[in-house]
């Protein structure tokens, strides 16, 4: 039996209240997403998995951006068994939960860091050779920057370290008298989980402190009176203009800064995620 569903768009409330068009044996039916999901479970032979679908949908929207798996979405849905149609967000979450259960993971429908790490391997994206290249240590200080993380958490891919140093050097040219940029966690040697982070596993992400006023250095929060919005905007612009790696995302919660996205827990640092270099993209 041939099944086809067009992808829906709109807010979650709209998706919840709209019916999904399907073709069953050449005839069109309009079924609600829960009915579609039950039909697909029956077709695939998988038993039902009970999850908080609304929570899974909400978190998957965040993780798609912060972990970067949105760029591999077509490959992910094929891995989950969708070969004739593109699932909407609710059906996608249920399919992730079934895949998680088969993998021995917590079946919550959320493609977070642990599930994505396992899925990257299944898709052939997380290659041991690439992980072994997360071995370049960012020095404790250099032109335009200082570090505030321990050495064990400052390893990255060689091109990531070059990008950070290029950003700092450009900052130094503009502000030779300071303040210097505060560089935090990048990754651990060879990649993998790092304490206190959902990401920072592949050597392509770095935390940078917001810039303070009057040449001051140290911890900062965008709600603090010592925070410089103008200098932080200048920093964001320099990050985007670095000539080493394309920037995938910058997470920071000041709503008046252009070029960043809000994410919980990012009042006091910018989380910068870089795209893989062209050389690594060709490997995948």
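The values are calculated or read from the model by the stated rules, or taken from the named source; none is laboratory data. What you are looking at is a predicted structure, and each value in this text was computed from that prediction instead of being measured. Don't worry about glycine lacking a Cβ; one is built from the backbone with ideal geometry, like all the others, and counts go over all protein chains shown.
Answer yes or no as to whether residue 53 is closer than 23 Å to residue 261 by Cβ, at pLDDT 50 or above and not assigned by TED's automatic domain parsing to the domain that holds residue 250. Taking the combined requirement at face value, the residue does not satisfy it. One residue stands out in segment 138-152 among those that are surrounded by fewer than 20 Cβ atoms within 10 Å (Cβ to Cβ) and in contact (Cβ under 8 Å) with a residue 40 or more places away in the chain: the one that is farthest from residue 202 (Cα to Cα), namely 146.
Of all the criteria given as (1) in contact with a strand residue (DSSP E or B) (Cβ under 9 Å, 6 or more places away or on another chain); (2) surrounded by 15 or more Cβ atoms within 10 Å (Cβ to Cβ), the one not satisfied by residue 109 is (1). One residue stands out in segment 267-284 among those that are in contact with a strand residue (DSSP E or B) (Cβ under 8 Å, 6 or more places away or on another chain) and at pLDDT 95 or above: the one that is nearest to residue 158 (Cα to Cα), namely 272. Of 8, 111, 105, all but one fail to be under 20 Å from residue 198 (Cα atoms), assigned to a loop (DSSP other than H, G, I, E, B), modelled with pLDDT under 90 and not assigned by TED's automatic domain parsing to the domain that holds residue 263; the exception is 105.
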